[in-house]
Amino acid sequence: MITRIFPPVPDAIRDDVAILRANRIETLTPMLFLMLAATTPTAIYAGVATVHPIIRIGFPVTLAIVGILGFLFLMHNRGRRMSPRRARRMIREASWVSGTTGLMCSVWTVTNWLAAPAATHSYYAMIMAMGSLATAYCLSSIRFATIVNLGIGLAPVALLMLTSGNPPEIAAGTSLVIATLFLLRMVVQQHGQVIDLLELQRQMRELAHTDPLTGLANRREFDLRIEEEIAKADESRPFAIALLDLNGFKPVNDQHGHAVGDLLLCEIAERLRRACGAHAMVARQGGDEFAILAPAGSPLLSTSLADHILAALAAPYRIDGRPIRVGASVGTARWPDHGHTVRQLCEVADGALYAAKAAGRGHAATGEPGGRRFGTNPGGDVQAYS
């Protein structure tokens, strides 16, 4: 039962859910705060004279102050970028503020109901019901806050109506309970629909940034990750990229067929993934071309990245029982020595890659800063294996 009402949010979209909830709160609650402040004069006017002044006057005035401050705060912060951290803080604050104000409203309603003549009971019930339902609508994206507010706001007044002995009030209380349960069901269903929608969006984003054959990141995602590294880069903490091109892959396709070629690409992708682990990002650029990003702080930066990659690919492959050997050429570039933009880094690494392919087995090409010259240098930054 608890799982059905509060189904867990998948970790992959937890931030997206928080931001969506906070944006909805930021959009809807300003008017709710204004409504809360606007009802203060009528609430004071409708209060029963025998009720203690703290409840009869103090509670409405406090709620008016909260409403005005809440409205001004939200309007002041409108337009700010909604980060996951800010979204979670806003959700916590909205839940706490709405629960506290709902409790004050409920105490005011129950106290005045008990002190008022029976003929006026329905007015207090209507005031509380309208306020609670409006609050629940504005907070419907936060299930916990919605349930708490409906429970605090409507449960006491519904109980008073159902136990009043007055048939019209019993009927109205029954209708109020049914409407509340219906609203709760809608809130739970809405949450499920939002989760499904965000999951679908996440899957579409992944498809747009993932190579469908190997499951690696694609060229678009690789470029975006380099841009992210550049944006947060510090010259004391460089990062590196490597471009890899297979040697002899076309004969594999011609001799064994494209199905075997696809299986070979998947096996190469898996070897690269295992070799890099969590220390680097592996992407497929297309065809038989791959790319690796070793971010700042990666332990791979302290070794020869090209040697590490080539060592992982050196052993022969066995595809459908057939032994297959292919070679590879690797070109690397390091930020900021070889460039400060994605284009500059890729040009240097690409030029080094072609220099390595031209040098052949046992030779290496080193990319000069700016990509202006490439020479042969055994043991350098870029190596070819075939």
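The values are calculated or read from the model by the stated rules, or taken from the named source; none is laboratory data. Since this is a predicted model, take the numbers as computed values, not measurements. Glycine gets a Cβ as well: all are built from the backbone with ideal geometry, and neighbour counts include every protein chain shown. Surface accessibility is based on the protein's heavy atoms, side chains included, excluding ligands, DNA and RNA. Shrake-Rupley method; radii C 1.70, N 1.55, O 1.52, S 1.80 Å.
For the chain, what does the helix formula give at 222 nm: sum of -39500 (n - 2.57) over DSSP H segments with n ≥ 4, over the residue count, nearest 500 deg cm²/dmol? Before the final figure, lay out the partial values.
Working: 13 runs with 234 residues, N = 386.
Dividing the helical sum by the residues of the chain leaves -20500 deg cm²/dmol.
Taking the Cα centre of segment 5-103 as origin and assigning +1 to Lys and Arg Cβ atoms and -1 to Asp and Glu Cβ atoms, the resulting dipole is close to 280 debye. Using a simple spin-label model with pseudo-atoms 7 Å out from Cα toward Cβ, R205 and L28 lie 2.3 nm apart. Taking 0.36 nm per residue of separation and subtracting the current Cα-Cα distance, fully stretching the chain between Q189 and A155 would add 10.1 nm. Considering only G215, S298, S141, the residue lying farthest towards the positive end of the dipole of the chain is S141, judged by Cα position with unit charges set on Cβ.
Positive-end ranking of N112, F71, G99 along the dipole of the chain, with charges on Cβ about the Cα centre, is headed by N112. Simple point charges give the picture: +1 on the Cβ of Lys and Arg, -1 on the Cβ of Asp and Glu, and for segment 167-305 a dipole about the Cα centre of about 220 debye. If R0 is 25 Å, the Cβ-Cβ spacing of N166 and L103 corresponds to a FRET efficiency of close to 0.45.
Pairs of C-alpha atoms in segment 203-351 farther apart than 25 Å represent 28 percent of all such pairs.
Listed peptides 320-332, 201-213 appear in the order 320-332, 201-213 once ranked by packing, highest mean of other Cβ atoms within 10 Å at the front. Among A46, A275, V187, whose Cα lies farthest out toward the positive end of the dipole of the chain, if unit charges sit on the beta carbon of Lys, Arg (+1) and Asp, Glu (-1)? Positive-most Cα among the choices belongs to A46. Among the listed options [x] 20.7, 67; [y] 22.1, 73; [z] 32.6, 99, the one matching Rg and Dmax of the Cα atoms in Å as calculated from these coordinates is [z]. Ligands, DNA and RNA are left out, and with a 1.4 angstrom probe the accessible area of segment 290-350 is 41 Å² per residue. Rounded, prolate or oblate: which fits segment 1-117 when a ≥ b ≥ c are the square roots of the eigenvalues of the alpha-carbon gyration tensor, with rounded for a/c under 1.5 and prolate only if a/b beats b/c? In terms of gyration-tensor shape, oblate. Between the alpha-carbon centres of segment 298-349 and segment 212-236 there is a gap of 15 Å.
Compute, for segment 177-234, the length of the dipole vector about the Cα centre, with Cβ point charges of +1 (Lys, Arg) and -1 (Asp, Glu) only. Units Debye, rounded to 20. Walk me through the numbers on the way to the answer.
Details: 7 positive and 10 negative charges, 70 e Å.
Dipole magnitude for segment 177-234 comes out near 340 debye.
Contact order, relative form, for the chain: 11 percent (alpha carbon pairs under 8 Å, 6 or more residues apart, mean separation divided by residue count).
Pop out the carbon and sulfur fraction of the accessible area of segment 136-181 as a percent, whole number, probe 1.4 Å. Mind dumping the intermediate values first?
Numbers: 1600 of 2010 Å².
So the carbon and sulfur contribution to the accessible surface is 80 percent.
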